[in-house]
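Here the structure is laid out as structure tokens; the discussion comes afterwards.
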Amino acid sequence: MRTFLQTTAGGTFIAGEAMTFVVRKDYAEYIFKAGKGFYGIVNFLFKGKNEVMLFAGWGTFFKRITNHADVNKLLQMLEKPCPQVIDLMTCKSDYSLVTLSNNEMGIRKTINTSTSRSLIEIMGDPIVVEEARNLVNYCLKLFREIHDHCPFPGWKQGLKEDL
């Protein structure tokens, strides 16, 4: 799966729309225009009988946190400059950090839905589309917070390398 921030759309936008989607082999992608040659990608996966998962990939970026020797000290250092990172890591946001079975890390939102509808009906549901848009916006704000305020130069470099 592609990471949430891309310089190529990977899909076609119809009639001036700001969002499109592409169906892949095991998942689908919502693709949003993020401005100035950037696209926000949210992956859509069936999670269970009545659930779908929206997943915004961050590559290996978050391994900087999960592999840190003293996570509590790290969180204290980030508390003031990066409150959204803290909220994500302490489960205070509407999103959670996950590692998929293929070791991809990213941010997810799980949505309850009816499986009696088709893939296209579920993907086109205004609530699901809005949640996907919210996830892209959340990731963009998190990216900006890390880029502008994180005290660790390696993290800022990691945004360029991992996404």
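The values are calculated or read from the model by the stated rules, or taken from the named source; none is laboratory data. Computed from a prediction, not measured in an experiment: that's the story for all the values here. Note that each Cβ is placed from the backbone with ideal geometry, even for glycine, and that neighbours are counted across all protein chains shown. Please note that ligands, DNA and RNA were not included when accessible areas were found on the heavy atoms of the full protein model with its side chains. Shrake-Rupley method; radii C 1.70, N 1.55, O 1.52, S 1.80 Å.
Structure above, values below:
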read-out: Scan of the stretch 72-88 for residues that are open to solvent by 100 Å² or more (accessible area, probe 1.4 Å) and part of a helix (DSSP H, G or I), ordered by number; value: N72, K73, Q76
read-out: Matching residues, the stretch 105-141, being buried (at least 17 other Cβ atoms within 10 Å of the Cβ), within 19 Å of G48 (Cβ to Cβ), at pLDDT below 95 and not β-branched (V, I, T); value: M123
read-out: Neighbours by Cβ (under 9 Å, 6+ apart or cross-chain): first from the stretch 47-72, closer than 30 Å to D125 by Cα and touching a residue at least 12 places away in the same chain (Cβ under 8 Å); second part of a loop (DSSP other than H, G, I, E, B) and acidic (D, E); value: F55/E104; G57/E104; W58/E104; G59/E104
read-out: In the stretch 90-104, the residues that are surrounded by 15 or more Cβ atoms within 10 Å (Cβ to Cβ) and modelled with pLDDT of 90 or more; value: S93, Y95, L97
read-out: Given (1) of a type in the set (G, A, S); (2) open to solvent by 40 Å² or more (accessible area, probe 1.4 Å); (3) within 26 Å of K73 (Cα to Cα); (4) without any contact (Cβ under 8 Å) to a residue 60 or more places away in the chain, index of the condition G154 fails; value: (4)
read-out: Matching residues in the stretch 115-163 - criterion: being small (G, A, S) and in a helix (DSSP H, G or I); value: G124, A132, G154, G158
read-out: Subset of the stretch 47-71 [surrounded by fewer than 19 Cβ atoms within 10 Å (Cβ to Cβ) and assigned to a strand (DSSP E or B)]; value: K47, G48, E51, M53
read-out: Members of the stretch 116-163 found to be under 19 Å from T7 (Cα atoms), of a type in the set (D, E) and within 16 Å of the chain's Cα centre (by Cα), listed by number; value: D162
read-out: Selection within the stretch 23-45 - without any contact (Cβ under 8 Å) to a residue 40 or more places away in the chain, assigned to a strand (DSSP E or B) and either open to solvent by 80 Å² or more (accessible area, probe 1.4 Å) or more than 15 Å from V136 (Cβ to Cβ) (or both); value: K33, F38, L45
